[in-house]
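First up is the structure itself, then whatever we jot down about it.
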Amino acid sequence: MNRAAAVAGTWYPGSPGALAREVDACVSAVDLVPRGDVSALIAPHAGMMFSGPVAAYSYQAAAASKPFDAAVLVGPSHFIAFDGVALYPDGAFETPLGPVAIDADLAEALREDCPVVHPFHAAHRREHSLEMQLPFIKRLLPDVRIVPLLMGYQVRDTIVALGDALGAVARDKRILLIASSDLSHYFDAATAKALDARVEAAVAAFDADRLLALFEDYPEGERGRYVACGGGPVISVMRAARARGAAASRVLRYMHSGEISGDNSGVVGYLAAAMGTFRDVD
């Protein structure tokens, strides 16, 4: 059963031509591409006009790397609360650029290896955090199959269990790990930059434990506002990337929504980063 696009025509263009042009425009503006072998990304998930120029940095880094067998997408659940991690196990995710097929074998292997992962189609129905990655995947990595995962309650046990499982699954395959997350939400621009700098520093240091400690400094209901709405997915992916051999993490771009809207009174932060083994940067 394919998952229908939920935010095409609202969060991003609904026609193939307009969407391709918008993705291409974001990618053409990228001026920092790491040289080396990318194994994981952090990318934001707001509307294309806001976060697309940042997400493009992550996907251009992946496109410049070696080809991938599959991509595992991990994002937060914004609409449904649940324990563990919701898997969409088979079929495809529809997009205006065509369907993005699911790697059912890899999805099943992950489900078997990780007790917190379970099929849960309903959690994916309205969720945008993974869907906003798909135009870039379809445009820049068109042959890559995906495994879509949504994290429910972002608690330590779930974060660690998923990170460990992603680090160990299918070690014979080249898997791109993608964490979908925005950073702080609805603070003035100066406050947002100060809050987001803490996350940026932990990512640049490739220090998942530091980021987990920062995440747990806040009550669970405040972590998305003060740290990152997808902080759990980011920490899991960082842990897994390290286990899969990534040696370093590069922050590629940071900006906030006020830089697009002109309204700095209540902004959302966006970060692009890549993990892997790097030689230098263009």
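The values are calculated or read from the model by the stated rules, or taken from the named source; none is laboratory data. Keep in mind that what you see is a predicted model, and the values were worked out from it rather than measured. FYI the Cβ positions are ideal-geometry reconstructions off the backbone, even for glycines, and counts take in every protein chain you see. These area figures cover heavy atoms from the full protein model, side chains too; ligands, DNA and RNA do not enter into them. Shrake-Rupley method; radii C 1.70, N 1.55, O 1.52, S 1.80 Å.
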Exercise. Kirkwood hydrodynamic radius of region 114-199 from all distinct Cα pairs, in Å?
Worked result: 15.6
For this session: Quote to one decimal, in nm, the extra length available between Asp172 and Ser15 on full extension: 0.36 nm per residue of separation minus the C-alpha distance between them.
Result: 52.8 nm
Exercise. Per residue and in cubic angstrom, what volume does the convex hull of the Cα atoms of region 10-90 have?
Worked result: 139
Seminar exercise, completed: Over all viewing directions the Cα convex hull of region 203-247 casts an average projected area in nm² of 2.9
For this session: Compute the accessible area per residue over region 10-69, keeping the other protein chains in place, probe 1.4 Å, unit Å².
Result: 37
Exercise. Semi-axes of region 137-257's equivalent ellipsoid from the Cα gyration tensor, sqrt of 5 times each eigenvalue, largest first, rounded to whole Å?
Worked result: 24, 17, 14
For this session: Return the long-range amide H neighbours of Arg145 (sequence gap of 5 or more, or a different chain), with a cut-off of under 5 Å between placed amide H atoms.
Result: Ala71
For this session: May I ask you to give the solvent-accessible area per residue for region 76-145, in square angstrom, as obtained with a 1.4 angstrom probe?
Result: 41
Problem set entry | Rounded D (µm²/s) - region 165-216, Kirkwood Rh over Cα pairs, Stokes-Einstein at 10 °C, 1.306 mPa s | 120
For this session: Report, largest value first, the span of the C-alpha coordinates of region 14-146 along each principal axis, in whole Å.
Result: 41, 32, 23
Exercise. Which whole-Hz ³J(HN,Hα) couplings does region 101-115 yield from phi under the Karplus relation 6.51 cos²θ - 1.76 cosθ + 1.60, θ = phi - 60°, glycine and proline marked x?
Worked result: 6, 8, 7, 5, 5, 5, 4, 5, 4, 5, 4, 5, 7, 10, x
For this session: Taking every pair of Cα atoms in region 76-116, average 1/r, invert it to obtain the Kirkwood radius, and report Rg/Rh to two decimals.
Result: 1.04
For this session: Can you send over the carbon and sulfur percentage of the accessible area for region 232-282, probe radius 1.4 Å, protein chains only?
Result: 43
For this session: Roll a 1.4 angstrom probe over the protein heavy atoms and tell me the percent of accessible area of region 117-194 that is carbon or sulfur.
Result: 50
Exercise. Under a no-solvent Debye model with one identical scatterer per Cα of region 122-163, what's log10 I(q)/I(0) at q = 0.19, 0.30 Å⁻¹?
Worked result: -0.72, -1.03
For this session: Would you mind pulling out the separation of the Cα centroids of region 156-211 and region 41-98, in Å?
Result: 14
For this session: Multiply the residue gap between Leu32 and Ala204 by 0.36 nm, knock off their C-alpha separation, and tell me the result in nm, one decimal place.
Result: 60.4 nm
For this session: State the dimensionless ratio Rg/Rh of the chain (Rg: radius of gyration of Cα atoms; Rh: Kirkwood radius).
Result: 0.92
Problem set entry | Surrounding net charge for Leu106, when Lys and Arg each add one and Asp and Glu each subtract one, Cβ distance under 9 Å | -2
For this session: Express in % the proportion of alpha carbon pairs of region 224-282 at distances exceeding 13 Å.
Result: 69
Exercise. Residue by residue through region 123-131, which ³J(HN,Hα) values in whole Hz follow from phi under the Karplus form 6.51 cos²θ - 1.76 cosθ + 1.60 (θ = phi - 60°), with glycine and proline marked x?
Worked result: 5, 8, 4, 9, 6, 9, 5, 8, 4
Exercise. Among Val144, Val227, Val38, whose mean-square fluctuation peaks in a Gaussian network model of the chain (Cα, cutoff 10 Å)?
Worked result: Val144
